[in-house]
Amino acid sequence: MEQRDTTRWTMLKDMLFFQFKLVLDAVRDLILSPAAFIAVLFDVFKGHHQQESYFYKLMSLGRQSDKWINLFGAGKEVPDQIEQPSEKAQEGVDQMLSKLELVLKEQHEKGGLTASAKLRIDSYLNKMLDKRDPKS
């Protein structure tokens, strides 16, 4: 009985920490969104290169805040019996967007987006959604 009570309190604590971290993450996002636009405007008007770019400094700060917030840190407490995401499901948004960007660049170089390009993009987007579907 003691083990079950401890597990309940641990789960409750982890859920409360997760909710707090979600709030921090949301506040950070609300601040970073307009700050990114402002940083890019300054970079464009001042002619900054990547090394001196306010935008890329902001991206670095964002990465640091991701590590600091550690949104899914309580996930390390997940029992072994609970199924972990597959390798396919762990493909990040950056990889998905890079693939989509590649398709768009290829089509642009071929002279614009055609009906066949739209079909390829739709097909790729469907594959992305299928990968995220927990049933697959």
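If I go through region 103-126 residue by residue, how many of them are modelled with pLDDT of 70 or more, open to solvent by less than 60 Å² (accessible area, probe 1.4 Å) and either aromatic (Phe, Trp, Tyr) or outside any helix (DSSP H, G or I) (or both)? Summing the residues that are modelled with pLDDT of 70 or more, open to solvent by less than 60 Å² (accessible area, probe 1.4 Å) and either aromatic (Phe, Trp, Tyr) or outside any helix (DSSP H, G or I) (or both) in region 103-126 gives 1.
Any residue in region 10-33 that is closer than 30 Å to Leu119 by Cα and either more than 19 Å from the chain's Cα centre (by Cα) or at pLDDT below 90 (or both)? Checked region 10-33: no residue is closer than 30 Å to Leu119 by Cα and either more than 19 Å from the chain's Cα centre (by Cα) or at pLDDT below 90 (or both). Taking Lys76 as the residue in question, decide whether it is outside any loop (DSSP other than H, G, I, E, B), exposed (fewer than 10 other Cβ atoms within 10 Å of the Cβ), at pLDDT 70 or above and of a type in the set (D, E, K, R). In short, no. In the condition set (1) modelled with pLDDT under 80; (2) within 30 Å of Lys127 (Cα to Cα); (3) open to solvent by 50 Å² or more (accessible area, probe 1.4 Å), Arg4 is compliant with all but (2). Here is the figure for region 10-58: residues that are surrounded by 12 or more Cβ atoms within 10 Å (Cβ to Cβ), without any contact (Cβ under 8 Å) to a residue 12 or more places away in the chain and not in a helix (DSSP H, G or I) total 1.
The values are calculated or read from the model by the stated rules, or taken from the named source; none is laboratory data. Nothing here was measured: the structure is a model prediction, and the numbers come from that model. FYI the Cβ positions are ideal-geometry reconstructions off the backbone, even for glycines, and counts take in every protein chain you see. Ligands, DNA and RNA are excluded from the accessible area calculation, which covers all protein heavy atoms including side chains. Shrake-Rupley method; radii C 1.70, N 1.55, O 1.52, S 1.80 Å.
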